[in-house]
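Have a look at the structure below before the remarks.
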Amino acid sequence: MTKEFLKIFGITIRDQLIMKNTVEVKGLGTFKTEHTAQYQKTLADGRVVMLPPSDDIQFKSQFEG
Amino acid sequence: MLIDHEKFIALLADNAGLSVEEAEKRLSELLSEMADAFSEDNAYEVEGFGIFSKLGQAVHFMPSKELETEINYKYAGMSPIELPGFEQGEKPLREAEAEEEPDSFDSESDPDEEAAAAPAEEDTADDVFTEFLQMQKEEDAEEEEEQAGGTESDTPQEPSGFDETFAGLIDDDFEQDEIDAAGRGHDLTDSGREEAEETPMTDDPFSIFESSGTEDEKTAGADAEEVFSDSPEAGAEENSQPAEGDERPHSSDEPPGPEEWGIDAHKEDEEDNEAAFTGLFSDSETAGTEKQAEKKGTEDDFIPVVQNVSAKAARQTDTPGKEEKPKKAAKKDEVNPVVSVILYMILIILITGIMGYVLVHFNMIDISRFTKSEASVAQTVQPQAPQTVAEQSQQPAETPEPVLDETAGSNAEPQTPGEPADEPESAAQPEPAAGPADFGLTGAVNAAANQGYTIVLFHLSNKNSAEREFETLNNNGLRALLKEIPSAKYGVLYRVSIGQFRTAADAAIAAGENKNLITGEYSITKIN
């Protein structure tokens, strides 16, 4: 398995995730992004902060190994 | 959009420059390598992408920092912003309200758990509702002032989605019939009154803040008190306030005062400020609030208002993070025009300076006012000489013009007056005239005028050349002067100049007027 193929593998999935697409790799799993809106959070010291939105990568395993 | 396995293989083959079969084969090799790694309890890392690890039966994927950064490139630069205005111990409006998509992987979220967690937000909901009502009250007061004198509307208004809007904020213990009663509010029909079991709503929104003398109002106030007030005595305080019934408590000119609203927030001696607002928490009030809410629009308008409460609180105090951004943008906007103006001014100054230099250089403008400086510069350029040269016998009027001193050694010798001129003056050179100083560009050389200035045309090292030029100028009718100037660098220089002028300015003027005679560069210097 060449490094170049691994790199292309990662890039292919990454590009689809950036476009908010769900990628299914048979035998491995499904990659998906989930958006988290901005929200307020109280820190331990009592301060309240507004956390920015973010996109999180979710992976659902279908590994058949 | 779902990129299934086949599409993914096609993309992979396209990116790698392989055929579909080859890409499929490589992928299967990758999966087999992963399986080998997992069998040895190792994780499998794809550089720049993430790490796959197997825990139990499931494979977990941990994205790399690079991948996370690229996925969140839209939010790059965003950082948590501290919200001022929340003292320690105060709770924010909303905590960790992340959106949940219906097909989320983490489907283990239990709706029952969420419902169970709802009561825990009671205190938060109370605060939100309190502030919302206060805002509504303020807006009502403003509208009432604007609409002063207007006719009262007797049409009953249908309840809005009050219950649905604030369902999340209202305690679950709040009974449905109470919600309905609050929502019905303005139903003035008898049936509506019976069902509402509370004081019939009037068109006067502020009447809801007044505790009426009727028993229904008191009952309604007590019911609301159970839900919203912290102290059971607050309701009693509200009910003790004088009521004015359905009529408007105030004239159109005067807004209702706090006393009439049944709240004590304005009283500073109140220890428990929370109790001061309990007068607001009556069913009639909520119905009136709902009425105002209807005016606001659809259900969606409520949510932003609630959210804006915190934003409003944040705006009241300086929020460094949020205010910095608009301030920065404003500063940028302010800076850009200022910078452009400054650049334009510099450009104009440069153009003006260049034009002025060109005009002066090509003698297009009169620089007579500046000739003194030029003369002084010319004098400094003159090789040492004039001071070492004979204190020439430039005695006015009587001495002959010692224009040229033939003997080199005689440079230091002052020519005494009366001495015959030994200089091999050219025949063409007229004898210096004696008498009063006669200045000018033409005519005979006047020894008395040798205290003035002259226009220097040449500094030549060759004596013959200098004499030739001297003769030429004399033949042209000009008052030419030829003078030997010792120079440390060149030895001896022969200065050919024309004219005798009283001041350097006169010389400059003459030079400007006779451009046809004076070609090339020239300088103005003192004759002696």
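The values are calculated or read from the model by the stated rules, or taken from the named source; none is laboratory data. Predicted model, so just to flag it, every value in this text is computed and none were measured. Cβ sites come from the backbone with ideal geometry, for glycine too, and all protein chains shown count toward neighbours. Accessible surface is based on the protein model in full, side chains and every heavy atom, while ligands, DNA and RNA are left aside. Shrake-Rupley method; radii C 1.70, N 1.55, O 1.52, S 1.80 Å.
Observations
- Residues that are part of a helix (DSSP H, G or I), more than 7 Å from chain A (Cβ to nearest Cβ) and within 52 Å of the chain's Cα centre (by Cα) within region B:1-26 comprise B:E6, B:K7, B:I9, B:A10, B:A13, B:D14, listed in sequence order.
- Residue in region A:29-37 that is closer than 16 Å to B:L12 by Cβ and either facing chain B (nearest Cβ under 7 Å) or exposed (fewer than 15 other Cβ atoms within 10 Å of the Cβ) (or both) present: yes
- Subset of region A:38-65 (residues that are open to solvent by less than 40 Å² (accessible area, probe 1.4 Å) and either more than 7 Å from chain B (Cβ to nearest Cβ) or at positive phi (or both)): A:G46
- When residues of region B:27-40 are limited to those that are of a type in the set (D, E) and assigned to a helix (DSSP H, G or I), the one farthest from A:G10 (Cα to Cα): B:D36
- Selection of region A:14-28 for residues being open to solvent by less than 60 Å² (accessible area, probe 1.4 Å) and at the interface with chain B (Cβ under 7 Å from one of its Cβ atoms) yields A:R14, A:Q16, A:L17, A:I18, A:N21, A:T22, A:V23, A:E24, A:V25, A:G27, A:L28.
- In region B:41-64, the residues that are surrounded by fewer than 14 Cβ atoms within 10 Å (Cβ to Cβ) and either in contact (Cβ under 8 Å) with a residue 24 or more places away in the chain or in a loop (DSSP other than H, G, I, E, B) (or both): B:D41, B:N42, B:E47, B:G56, B:Q57
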